[in-house]
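Remarks on the structure that follows.
The values are calculated or read from the model by the stated rules, or taken from the named source; none is laboratory data. Since the model is a prediction, treat every value here as computed from it, not as a measurement. Note that each Cβ is placed from the backbone with ideal geometry, even for glycine, and that neighbours are counted across all protein chains shown. The area values use the complete protein model at the heavy-atom level, side chains included, leaving out ligands, DNA and RNA. Shrake-Rupley method; radii C 1.70, N 1.55, O 1.52, S 1.80 Å.
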Amino acid sequence: MEQGMCMAIDYRKSGVDVEEGYRAVDKYKVQAKRTVIPGLLTDLGSFNGMFAVPQGIKNPVMVSGTDGVGTKLDIAFRMKKYDTVGIDCVAMSVNDILCSGTKTLFFLDYLACGSLDADIAAELVKGVADGCLDAGCALLGGETAEMPGFYDKGKYDLAGFGVGVGEKDDMITGASIQEGDVLIGLSSTGVHSNGFSLVRKLITDFSEPFEIDGRDSGKTIGEVLLTPTRIYVRPVMHVLETFRKSVHGMVHITGGGFYENIPRMYPKAEKGEKQLISVIRRGSWEVPPVFDELIRRGADPEKAYNTFNMGIGFILAVAAADADAIVMKFNKESGDFPMTAHPEVPLMKACKIGRVAYSLVPLTGDLKGAKDATLFEN
């Protein structure tokens with residue numbers, strides 16, 4: 001070789017396998033086709049995705065949400081189970097969008113890795129498509145980024161965002177919440193997709209059998225933790241068809257648990273005025289055994305409600321006069337809304353978990369995380 005010349009390399013030798021990327025996209029297309037709904041104008045693979053604005057909306061408002069799976073992904077990688085975390089990815093965004101009373105129309109994902117394996121990537125995207133089916137939205141597009149040397153081999157990151165459109169006058173903003181409103185809690189499937197940095201400190205062997213009251217549940221602790229996040233879109237939108245005017249505010253219980261999320265739906269009181277707060281009734285719902293196990297392994301029970309959902313993944317503040325009817329409708333018709341890809345997951349339950357009250361004294365500052373904004377009673 002002449003002095004000054006170097007060996008020519010291509011993209012693959014630098015760590016990016018273009019052919020594997022093509023194979024992954026072909027697999028993605030199969031999953032995206034499962035989610036086609038009216039309004040979708042483009043197929044997967046275009047430079048952009050197009051979706052028609054639904055007809056009949058006089059004053060349309062676009063509502064968006066974005067999130068990722070977080071460190072729950074680490075458990076999926078360790079267990080080599082990749083087909084559920086995509087549901088978590090969708091759930092985090094569509095449940096946030098739902099808090100305004102809006103259904104997500106379409107979702108886009110972002111998948112990043114150091115070395116692409118088309119089969120693993122396709123399993124991750126299958127979960128995304130499963131989540132879209134549960135939410136009734138289209139998988140409009142996405143991006144796969146292969147970044148050699150940036151991510152460890154075998155590790156992936158997964159995030160995404162959704163967009164919905166609703167009628168401006170029908171938006172649920174929390175402005176109509178009032179003292180005496182009843183708080184209705186909708187059951188979670190478990191830990192959902194928050195608090196896993198703590199979970200991974202408490203548990204290192206995810207192949208351990210998961211026991212309930214000393215009896216083998218038939219599942220490993222890893223399988224229990226990987227139970228996908230419940231998507232509340234279909235049952236809540238169904239209830240809103242009848243009771244929208246009675247639903248004054250809604251909350252998705254994500255990172256920060258009860259203390260950081262419930263206050264987000266309340267309008268901020270004027271200076272010197274008393275603030276609307278939540279009074280939660282302990283024992284009014286069944287806390288899943290996985291939370292007892294996390295506390296047994298060292299999670300601080302005093303801070304559990306500031307970290308985990310503790311069995312309640314979504315909360316509605318509703319007019320007291322209609323609270324019983326709304327709970328009854330949720331529970332009577334929950335069988336119509338099973339988790340599409342995981343029918344073994346218990347059906348959602350609704351129950352009255354508390355009430356809205358005024359604080360005893362004016363509260364100042366940010367209410368998120370404030371102990372005085374979320375009280376518990378026996």
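Below is a table of values for the structure above.
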quantity	calculated
Whichever lysines have a C-alpha closer than 18 Å to that of Lys303, once near sequence neighbours (fewer than 8 apart) are set aside	Lys201, Lys368, Lys371
Within the accessible area of the chain (1.4 Å probe), percent carbon and sulfur	52
Flagged links, alpha-carbon separation over 22 Å, of Lys27/Lys80; Lys81/Lys219; Lys168/Lys245; Lys81/Lys155; Lys103/Lys245; Lys33/Lys155	Lys33/Lys155
Surface per residue (accessible, 1.4 Å probe) for the chain, Å²	48
From the coordinates shown, semi-axes √(5λ) of the Cα gyration tensor in Å corresponds to which of (1) 48, 26, 19; (2) 38, 26, 20; (3) 39, 22, 20	(2)
Accessible surface ranking that places the most exposed of Arg281, Arg244 first, with a 1.4 angstrom probe	Arg281, Arg244
Region 27-105: chymotrypsin sites (Phe, Trp or Tyr not before Pro) in DSSP coil with no more than 14 other Cβ atoms inside 10 Å	Phe47
Where labels lie 7 Å past Cα in the beta-carbon direction, separation of Ala8 and Glu167 in nm	6.4
Most to least accessible of Cys99, Cys132 (protein chains only, probe 1.4 Å)	Cys99, Cys132
Estimated inter-spin distance, Lys155 and Lys201, nm [label 7 Å along Cα→Cβ]	1.9
Pair Lys219, Glu377: separation of 7 Å Cα→Cβ label points (nm)	3.4
Length released on extending from Asp119 to Lys80, taking residue separation times 0.36 nm less the Cα-Cα span	12.9 nm
Whole-Hz couplings from phi, Karplus 6.51/-1.76/1.60, listed for region 226-234; x for Gly and Pro	7, 3, x, 4, 6, 9, 9, 4, 5
Under 15 Å from Lys271, Cα to Cα: aspartates and glutamates that are on another chain or at least 8 residues apart	Asp366
FRET efficiency estimate (nearest 0.05) - Cβ-Cβ, Lys245 to Val30, R0 56 angstrom	0.85
